[in-house]
Amino acid sequence: MKNLLILLIKIYWWGIPPVKRRKCIFRTSCSKYVYEKTIHDGFISGLKAFRYRFQNCRSGAHLIENPSGEIQIILPNQQILNEIEISERFITNKK
């Protein structure tokens, strides 16, 4: 099953050009993150990573600037991520 998930991600990378892919809010793209989790931690971990990213890399995330000036993002599940985990294009647009 692990190989099937890896194959599906590779087909996605091959079949959909980067300019046509949805832009991820995370610094590490969702497909790359799921691919790496699957390779290193196995199929179940890859599925959990896919579920987490699918639920949180959608509309409903909000950028905020905390009192110290650091940019953070609040995900739909109310988790707060720091600037280092947010895609640079979101940070650039905020500043």
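The values are calculated or read from the model by the stated rules, or taken from the named source; none is laboratory data. Note that the structure is a prediction, hence the values are computed from the model and not measured. Reconstructed Cβ throughout: ideal geometry from the backbone, glycine too, with neighbour counts over all protein chains shown. When the accessible area is computed, the model is the full protein with side chains, heavy atoms only, and any ligands, DNA or RNA have been set aside. Shrake-Rupley method; radii C 1.70, N 1.55, O 1.52, S 1.80 Å.
Brief remarks on what is shown
- The HN-Hα couplings worked out from phi for the range 7-17 by the Karplus form 6.51 cos²θ - 1.76 cosθ + 1.60 (θ = phi - 60°) are 4, 4, 5, 5, 5, 4, 4, 6, x, 10, x Hz, whole numbers, x standing for Gly and Pro.
- Full extension of the segment from Gln55 to Asn77, taken as 0.36 nm per residue of separation minus the current Cα-Cα distance, would add 7.1 nm.
- Accessible surface ranking for Ile44, Ile6, 1.4 angstrom probe, highest first: Ile44, Ile6.
- Electrostatic bookkeeping for Pro76 treats Lys and Arg as +1 and Asp and Glu as -1; over the other residues with beta carbon under 14 Å from its beta carbon, the sum is +3.
- Value of relative contact order over the range 1-91, rounded to a whole percent, pairs C-alpha under 8 Å and six or more apart: 25
- Site pair Ile39 and Ser68 shows an inter-label distance of 3.2 nm when each label is modelled 7 Å from Cα along Cα→Cβ.
- Lys48 contributes about 140 Å² of solvent-accessible surface, heavy atoms of the protein only, 1.4 Å probe.
- Of the GluC sites (Glu not before Pro) found in the range 1-91, the ones in coil according to DSSP and having at most 16 other Cβ atoms within 10 Å of their Cβ are Glu70.
- The residues of the range 34-95 expose, per residue, 65 Å² of accessible area to a 1.4 Å probe.
- Share of carbon and sulfur in the accessible heavy-atom surface of the chain [1.4 Å probe, %]: 58
- Couplings 3J(HN,Hα) of the range 75-86, computed from phi: 7, x, 8, 6, 6, 10, 10, 7, 3, 5, 9, 9 Hz, in residue order, whole Hz [Karplus 6.51 cos²θ - 1.76 cosθ + 1.60, θ = phi - 60°; x for Gly and Pro].
- For the chain: rounded, prolate or oblate by the Cα gyration tensor [a/c cutoff 1.5]: prolate
- Cut-off under 5 Å, modelled amide H: who pairs with Ile86 long-range: Arg27
- Per-residue surface analysis assigns His40 an accessible area of about 140 Å², computed on protein heavy atoms at 1.4 Å probe radius.
- Among Arg21, Arg89, the order of accessible area from largest down is Arg89, Arg21, computed with a 1.4 Å probe on protein heavy atoms.
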